[in-house]
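Shown next, in structure tokens, is the structure this report addresses.
We did not get these values from a lab; they are worked out from the coordinates using the rules stated. The shown structure was predicted, so the numbers you read here are calculated from the model rather than taken from an experiment. Positions of Cβ are generated from backbone atoms using ideal geometry, with glycine treated the same way; all protein chains shown enter the neighbour counts.
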Amino acid sequence: MITKIIEFIENFLSSGVPMSAYLIVGLIMFFAGVYGFVTRKNLIMVLISIELILNAADLNFAVFNRYLYPEQTEGFFFTLFAIAVSACEAAVAIAIIINIYRNLNNIDVEKLETLKEPDETYREIIRS
Amino acid sequence: MITSIIFYTLAAVIAVFSVLAVTSQRLIRSATFLLFVLLGAAGLYVLLGYYYLFAVQTVVYAGGIMVLFIFAILLTHKPSEKIAKEPLKKRFLALFLSFVGIAFCGGIIVSSVKRISLLASSESLSPQALGLTLMGTDKYQYLLPFELISVLLLACIVGAIMIARKR
């Protein structure tokens with residue numbers, strides 16, 4: 001019984017990694033990101049979820065390139081550029097979050113009702 | 001054999017920590033779990049033979065974006081502070097949504113992608129070929145996107161400073 005299980009595991013491991021295994025890893029990462037994006041109310045948590053989603057997409061580009069068209073490089077370069085774009089997006093989003101925190105003292109999605117910079121009287125009302 | 005073991009270990013790490021990252025009640029822990037997920041993905045790039053992507057992923061994500069995240073968390077929260085739990089109804093709805101999505105896409109993947117199972121053996125991209133592809137203007141070469149990314153980065157720097165500076 002135990003030898004059979006060990007044999008099965010050895011066969012499973014020595015047969016190489018199928019493409020679908022990589023895709024399923026990306027799938028789990030993506031939907032974990034979707035779950036966080038829908039439920040969490042903290043802006044930084046939303047941003048973390050977006051990073052997860054983007055990373056899953058990047059991984060899939062690389063996997064498709066490597067398995068289906070190994071002599072070409074489109075997926076590789078798309079991943080490269082997507083990483084750069086996501087770095088940009090994170091930097092600007094964090095600048096916005098810090099600015100919101102400075103003005104409203106809060107980064108909860110539900111409590112953000114204004115995009116405009118509050119004037120002094122409004123700021124006093126929020127602080128009190 | 002050894003590749004498979006490394007792959008399944010990395011896959012388990014990514015799956016567990018990506019779920020933990022979106023469900024943790026403490027922000028700083030979420031950021032740490034996200035770091036583990038990103039490093040796991042970098043490991044997968046190595047298994048695929050894309051060493052340059054591994055380097056970029058490690059430097060840009062694990063080195064750059066994570067530092068930004070930790071800065072932002074420490075500027076806006078007390079480190080020991082817990083965030084309140086979201087309402088149960090909303091969480092169940094999102095859980096349902098995610099599972100439906102996973103079942104749908106997973107079904108498609110398992111039923112139709114199964115046939116391609118082995119990694120075609122080809123040598124990994126040499127740095128020279130990579131540089132030539134990035135700098136060329138022919139078909140399948142990427143000078144224009146490269147320049148666009150540089151302009152985008154500049155715009156980002158200016159925008160981030162404009163938004164975040166003190167008035």
Could you please let me know if B:Ile73 is surrounded by 11 or more Cβ atoms within 10 Å (Cβ to Cβ), assigned to a loop (DSSP other than H, G, I, E, B) and either β-branched (Val, Ile, Thr) or touching a strand residue (DSSP E or B) at 6+ places or on another chain (Cβ under 8 Å) (or both)?
-> no
Members of the stretch B:49-70 that are over 16 Å from A:Leu47 (Cα atoms), touching a residue at least 12 places away in the same chain (Cβ under 8 Å) and in a helix (DSSP H, G or I) = B:Tyr51, B:Tyr52, B:Phe54, B:Gln57, B:Thr58
From the list B:Lys85, B:Lys89, which one is loosely packed, with under 15 Cβ neighbours inside 10 Å, among the basic types (Lys, Arg) and more than 10 Å from chain A (Cβ to nearest Cβ)?
-> B:Lys89
Which ones in the stretch A:1-40 are at the interface with chain B (Cβ under 7 Å from one of its Cβ atoms), surrounded by fewer than 17 Cβ atoms within 10 Å (Cβ to Cβ) and not in a helix (DSSP H, G or I)?
-> A:Gly16
